[in-house]
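Here the structure comes first, spelled out in structure tokens, and everything after it is commentary.
The values are calculated or read from the model by the stated rules, or taken from the named source; none is laboratory data. If you're wondering where the values come from, they're calculated on a predicted model, not measured in any experiment. Neighbour counts run over all protein chains shown; Cβ positions are idealised from the backbone, glycine included. Side chains are part of the model used for accessible areas, which takes the heavy atoms of the whole protein and leaves out ligands, DNA and RNA. Shrake-Rupley method; radii C 1.70, N 1.55, O 1.52, S 1.80 Å.
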Amino acid sequence: MMRHNNSLKVATDMFFVKLNWTFGFLGVMFVIQLVRAMIAILKNSEVDSYFNAVFVAAGIFMFVVGIISTYFLPYYVEHGVTRIDYFRGAFLSSIGLSIVLPAITLIISIVWKFILDNFLKLNIKDVDFNTVVEDEPELIGGIVQSFIINPYIDPTSNWPLAIAALAANIFIFYLVGWLIGAAFYRNLLTGFVFILIGVVIITVKDSLLRVALELPLSDGIITIDQFSPTISALGVLLLIILAVWLIRQLTKRVSIKM
């Protein structure tokens with residue numbers, strides 16, 4: 001019972017710490033959108049929706065948060081928390097954050113549209129991120145694209161699926177960041193090896209999610225269009241399980257650096 005309580009305590013603590021960072025991130029994104037709106041007024045042009053702006057940046061944000069999550073480990077161990085309790089708590093907090101961030105983003109996006117319609121008198125750009133993937137067949141370009149332009153569902157057409165797609169994307173970005181952070185915490189060579197593993201996970205995730213959501217698939221790196229949406233969704237789940245297992249292996253016996 002005590003171990004269960006420790007896991008929940010770690011999950012709660014880490015969730016609220018990361019939630020504060022998330023509010024800061026979303027606040028910065030809102031200020032950026034206001035500045036863009038002022039520029040759009042001067043140029044008599046359109047402006048991005050808030051959801052789309054966060055969609056582009058959220059993966060990198062969660063990737064960085066995942067890396068930082070590794071450095072909670074020595075703090076908790078120093079205070080008597082076991083590695084498994086830290087692992088469970090960090091994992092639970094990441095699930096919560098991956099759900100809350102898209103939900104808050106959608107709410108703010110609705111407020112943003114209200115401001116644009118009633119005060120700034122601006123129109124929102126009609127953007128389809130998924131058409132971009134067909135024009136970038138190069139290896140490096142495809143990898144970079146996987147980190148920046150992820151499988152996208154327009155929230156105005158299907159907001160539950162849009163939230164789910166964004167949540168799945170940023171959750172895997174978090175896991176990859178956590179995986180790389182844990183690898184570098186172990187030693188430098190392991191860290192560089194896991195950078196490559198992380199790139200593979202992100203790239204495969206991108207293709208699997210596109211097939212699962214029936215979106216255009218890039219011709220660049222991995223061609224899996226013969227998979228069904230159901231098989232692809234199961235593939236995403238297996239990727240998550242693999243990343244979680246690797247993180248556990250890296251953290252369960254690592255020496256603590258005080």
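Among residues of segment 190-208 that are over 15 Å from Pro151 (Cα atoms) and among the aromatic types (Phe, Trp, Tyr), those with a Cβ under 6 angstrom from a residue that is at pLDDT 95 or above and open to solvent by less than 10 Å² (accessible area, probe 1.4 Å), sequence gap 6+ or separate chain, pair up as Phe194/Leu179; Phe194/Ala183. Cβ-Cβ contacts under 7 Å between residues 6 or more apart (or on different chains), taken from a first residue in segment 43-61 that is of a type in the set (S, T, N, Q) to a second residue that is not in a helix (DSSP H, G or I), are listed as Ser49/Ile124; Asn52/Val127.
Taking segment 72-99 as the range and being open to solvent by 40 Å² or more (accessible area, probe 1.4 Å) and under 17 Å from Phe173 (Cα atoms) as the test, the residues that pass are Phe91, Leu92, Ile95, Ile99. Which of the numbered conditions does Asn169 fail, given that it passes all the others? Conditions: (1) assigned to a helix (DSSP H, G or I); (2) polar (S, T, N, Q); (3) over 21 Å from Gly96 (Cβ atoms). Of the numbered conditions (1) assigned to a helix (DSSP H, G or I); (2) polar (S, T, N, Q); (3) over 21 Å from Gly96 (Cβ atoms), the odd one out for Asn169 is (3). Checking every residue in segment 108-124 against the condition of being open to solvent by less than 60 Å² (accessible area, probe 1.4 Å), touching a Leu at 6+ places or on another chain (Cβ under 9 Å) and modelled with pLDDT of 95 or more gives at least one match.
For segment 172-209, a residue qualifies if it is of a type in the set (D, E, K, R) and crowded, with 22+ Cβ neighbours inside 10 Å, and the qualifying residues are Lys205, Asp206.
Is it the case, given these coordinates, that Ser49 is touching a Gly at 6+ places or on another chain (Cβ under 7 Å) and modelled with pLDDT under 95? Before the answer, list the steps.
Details: touching a Gly at 6+ places or on another chain (Cβ under 7 Å): no; modelled with pLDDT under 95: yes.
Here the answer is no, as Ser49 does not meet what is asked.
Does at least one position in segment 16-25 carry a residue that is charged (D, E, K, R) and open to solvent by 30 Å² or more (accessible area, probe 1.4 Å)?
Filtering segment 16-25 down to residues charged (D, E, K, R) leaves 18.
Restricting the remaining residues to those that are open to solvent by 30 Å² or more (accessible area, probe 1.4 Å) gives none.
Looking for residues that are charged (D, E, K, R) and open to solvent by 30 Å² or more (accessible area, probe 1.4 Å), one finds none in segment 16-25, hence no.
Within segment 158-171, track down each residue that is open to solvent by 20 Å² or more (accessible area, probe 1.4 Å) and of a type outside the set (Phe, Trp, Tyr).
Asn158, Pro160, Leu161, Ile163, Ala164, Ala168
Against the conditions (1) surrounded by fewer than 18 Cβ atoms within 10 Å (Cβ to Cβ); (2) modelled with pLDDT under 95, Leu238 satisfies every one except (2). Summed over segment 157-211, the residues that are charged (D, E, K, R) and under 15 Å from Ile247 (Cα atoms) give a count of 1. Taken over segment 44-78, residues that are part of a helix (DSSP H, G or I), among the β-branched types (Val, Ile, Thr) and more than 16 Å from the chain's Cα centre (by Cα) amount to 2.
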